[in-house]
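Written below as C-alpha cells is the structure these notes are about.
What follows is calculated from the coordinates using simple rules that are stated; it is not laboratory data. Computed from a prediction, not measured in an experiment: that's the story for all the values here. Reconstructed Cβ throughout: ideal geometry from the backbone, glycine too, with neighbour counts over all protein chains shown.
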Amino acid sequence: MRILSCLLIFIIAVSAQAMNVVLDPGHGGNDRGATQGLFTEAEITLQVANLVAIDLKRDPRFSVYLTRETDRYMSLEDRASFANKKSDLFLSIHVNSSSDPRASGKEIYFQNQLLPDEESLFLASRENKTMKSEREVTRAVSLNLKSKKNLNPEVRAIVEDLERNHRFKLSGIFTEKLFFHWGGGSQYRRHSIRQAPFFVVSNIDKPAALIEIGYLSNKKEALNLVNPQYQKKIAKGIYHAIISFKEFIDNQAEKSLN
C-alpha cells in the first residue's frame, strides 16, 4: 500500500544525513523544578544535557540543539515548537522527587496510548502545570504530506494516523535503548519504562522521550546527581542510547532499499 510506504521516508531521510537531536533540560529560570537544599533540578538537567551535547557534537553522525543553554525559563509550548522545527529525535531530561524519601531510580517515559497508571499521571500533571497558556504548538508538516498538497482529506487523515502510530513505535524503541544503556546488574531493578501524557512528548511530531534521571528527594541519590563523575556516567548512557537508535534507523533504511 502506497500510504504505508510513505512511512519509510522519515527513516531514509534521517539515515542519509546527520540526525538532528534536540535535548531539553527541564525547568530553568524562576522554575527551579525539584529541589533538595541548594540543589535544583533546573541546574542538574542543564549540566547533564551539556555533557550529552559535548559527545554528540564530536560525532559527525549527529547535530545537536538544546532548548535552553542557560538558566532561563522556557515554556513547554516553546520547547515543543522548537523541537518540531529542529529535531529528528527529542529527549527531555528531568530529575524526580517524591514525598517518600526512599524512592529512587530512573524512569523513562514516552507518549501514552494506554491509560497511564496513577503515579505516571500524577507526575505528568505536575510537569504540565507549568504551562502559562494554552497556545497552540507549532508543528512541522511531514515530508509525506508536504509533497501531497492536493491529497484527499480522508486519505490525509489516514496518513496522519499512520504517522502517529509509527512515531509512537519509534518513541517506544528509543525508550528501550535508553533503558538498556544505563548499565547492567542490580540497577535494572530500579529502572522502568512508562507511558504518560507529558506535554513535551505528546506535542512533538518526531520520536520523543522524557527521562527522570533520579530522585532529588532521596539523599543518597541527590549526592550522586550533583556529582560530576556520576553526571558523566548518565550522559554517556544517553549518548550510547542515541547511537543505538541511530543505528536502528540506519538498518531499517538499508533493509527498505534492498
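Points to keep in mind about this one:
- Computed E for K219/R32 - FRET, C-beta separation, R0 30 angstrom, nearest 0.05: 0.95
- When peptides 63-70, 201-208 are sorted by average Cβ neighbour count within 10 Å, with the highest value leading, the order is 201-208, 63-70.
- Backbone N under 13 Å from the D78 label point (7 Å along Cα→Cβ), restricted to region 20-37: 27-31
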